[in-house]
Amino acid sequence: MSGKSIRVGLFLALLLATGLAAFAAGNLVIYNAGTPEMGDDLVRAFKAKYPDVKVDVIRQGSGELITRIKAEAKKPQGDVIMAIAKENIEVINDLLMPYKVKEDAAFAPGVKEANGRFYGFSYNLQAFIVNTSLVPLADAPKSWKELGDKKWDGKIVLANPALSGSAFAQLFQMVGLYGWDLVNTVRRMTTYVPSSTLAYTFVSRGEFAIGVTGEGNVFTEKAKGAPVEAIYPSDGTGLRFDASAIILNGPNTANAKLWMDFLTTREAMSLISAAPHYRRMVRTDVAAPPGLRPSSEIKFIPYDDAAAAAKRDEYLKKFGEIFAAR
């Protein structure tokens, strides 16, 4: 064997041994519906494996991202949509690319699309966030119905359901449990903000006493020292999950596949399950977040994400009408 052949053989062996990680380059654009901090930590871990890939993260609410992906359908600008509610994935399902990740077998059928069009990420359980400096925990509302009590007038902050996936889930659950009368009562006493991040942040800062958000956000703020606690509504919270997917015909498909292979690993999901993110992940081999209430102690109600997707436009129109009549 010639010296040149030996060198070529050694080079190919090196490629196989490194899994091509050292040779991945180019760009990657991620649309993140989760928290900015979660996106930052995941990108940092991804960059440790693929340092030559330039990653740009655009963080917006689910409603904004759905609108963006639809508007860009003929010429997509993003590569991946991350941590967006399953019902919102349904809305843009035909704009997503099937791809089975390397660890596809680690995902139960109920939290992935059969052809790999999306993979579940975390269970986004909605809970009340209460600032205990403003309202003693014992006196705080314990149910969705109690949010309509007049004593909370001016003390509640919620995100706009047209812009936030979690806020739409809150609306969908309230309508399902008590109809539009409760929604109308709550909206009269509530301040609405453009993003779910603002909603829980304002409660954490003491600008409002009560909000509704994903449970992990409550524990993240508490870990920062904020006087907040989570209350899981006694009349139930929907067992729903968010998911991630590759955008069809995105500009950097090869790197999008690398990202999805990484994001669906136990390593990546364990990073987000731990402090300071506290998210319950869909992979059953990922440890539960520290300090969160066990699932067995939470009352769950059925959450039909297909119905939520189908009714999204109707519900948002109805909400817009009652909001405008304020």
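The values are calculated or read from the model by the stated rules, or taken from the named source; none is laboratory data. What you see is a predicted model, and the numbers here were worked out from it, not measured in a lab. With ideal geometry, Cβ positions are generated from the backbone for all residues, glycine too; neighbour counts draw on all protein chains shown.
Among the numbered conditions (1) surrounded by 22 or more Cβ atoms within 10 Å (Cβ to Cβ); (2) part of a loop (DSSP other than H, G, I, E, B); (3) touching a strand residue (DSSP E or B) at 6+ places or on another chain (Cβ under 7 Å), the only one that residue 142 does not meet is (1). A single member of 246, 301 is β-branched (Val, Ile, Thr) and not assigned by TED's automatic domain parsing to the domain that holds residue 44, and it is 301.
Condition check ((1) modelled with pLDDT under 95; (2) of a type outside the set (Lys, Arg)) across all residues:
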| site | (1), (2) |
| --- | --- |
| 172 | no, yes |
| 176 | no, yes |
| 188 | yes, no |
| 192 | no, yes |
| 197 | yes, yes |
| 203 | no, yes |
| 209 | no, yes |
| 212 | no, yes |
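When residue 111 is tested against the conditions (1) in contact with a helix residue (DSSP H, G or I) (Cβ under 6 Å, 6 or more places away or on another chain); (2) under 30 Å from residue 72 (Cα atoms), the lone failure is (1).
Selection over the range 179-209 of residues that are part of a helix (DSSP H, G or I) and either in contact (Cβ under 8 Å) with a residue 60 or more places away in the chain or in contact with a Leu (Cβ under 8 Å, 6 or more places away or on another chain) (or both) gives a count of 13. Scanning the range 28-87 for residues that are aliphatic (A, V, I, L, M), surrounded by fewer than 14 Cβ atoms within 10 Å (Cβ to Cβ) and in contact with a strand residue (DSSP E or B) (Cβ under 7 Å, 6 or more places away or on another chain) yields no hits at all.
Counting only helices (runs of 4 or more DSSP H) wholly contained in the range 210-285, the ones carrying 1 or more residues that are in contact with an Asp or Glu (Cβ under 6 Å, 6 or more places away or on another chain) occupy 253-263, 266-273.
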